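**Student:** Questions regarding the structure given below will be posed in turn.
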Amino acid sequence: METTEKTFGICRYCGQMLNIKSYLALHPNIDDPDEDGIATLICDCKEARRDRDAHEAALRGESDRFEALQKAEDVIEELFAGNTHQKRIGVDEQTREILHQLAERIYGGFVDKAVITTTDGVKATVKSTGSAAIGIAIERSETKKEKKEI
Ligand SMILES: [Zn+2]
């Protein structure tokens, strides 16, 4: 073991010097450890704990978002991917991707409602429901018109 190896870090909040040896032992792939950062991570002072809680909440929020958008994607696939059984007109993949992006914007609160009508006459509506759940409604309707121009 190198004698120059730093095994102490200082918590950025309380200034307490902490032994980070066991943390480094548990995370052997850290090449260039940020001693103070690690000390702050393992410190038990109030500020460091609050920082960790906020970080964990952010991670949880990220997984909720991921799950919500995954569900939106499933619904979009279910409604708009072609279904030969039901003789449903499929909407092409790129357009489905746009619908997914719209669901993402609605989930983020940037867009309230969007309607896309394909040249095949499939109308896709993605809108906010304002509910506490995921809060996205996805609708499909078809405007089956037959018109002959002569
Ligand atoms: Zn601290």
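The values are calculated or read from the model by the stated rules, or taken from the named source; none is laboratory data. Note that the structure is predicted; figures quoted are calculated from it, not measured. Methodologically, a virtual Cβ is constructed for each residue, glycine included, from the backbone with ideal geometry; neighbour enumeration extends over all protein chains shown.
**Student:** Quick one: count up the residues across segment 1-22 that are touching a strand residue (DSSP E or B) at 6+ places or on another chain (Cβ under 9 Å) and either at pLDDT below 90 or assigned to a helix (DSSP H, G or I) (or both).
**Tutor:** 2
**Student:** Let me ask another. Criterion first (β-branched (V, I, T) and not in a helix (DSSP H, G or I)) does V75 satisfy it?
**Tutor:** No.
**Student:** Here is a list: D74, D32, D53, D64. Which entry is more than 14 Å from the chain's Cα centre (by Cα), modelled with pLDDT under 90 and in the same structural domain as E93 (by TED's automatic domain parsing)?
**Tutor:** Checking each option against the conditions leaves just D53.
**Student:** Can you report the number of residues in segment 23-51 which are assigned to a helix (DSSP H, G or I) and either among the acidic types (D, E) or surrounded by 15 or more Cβ atoms within 10 Å (Cβ to Cβ) (or both)?
**Tutor:** Looking only at that region, the number is 12.
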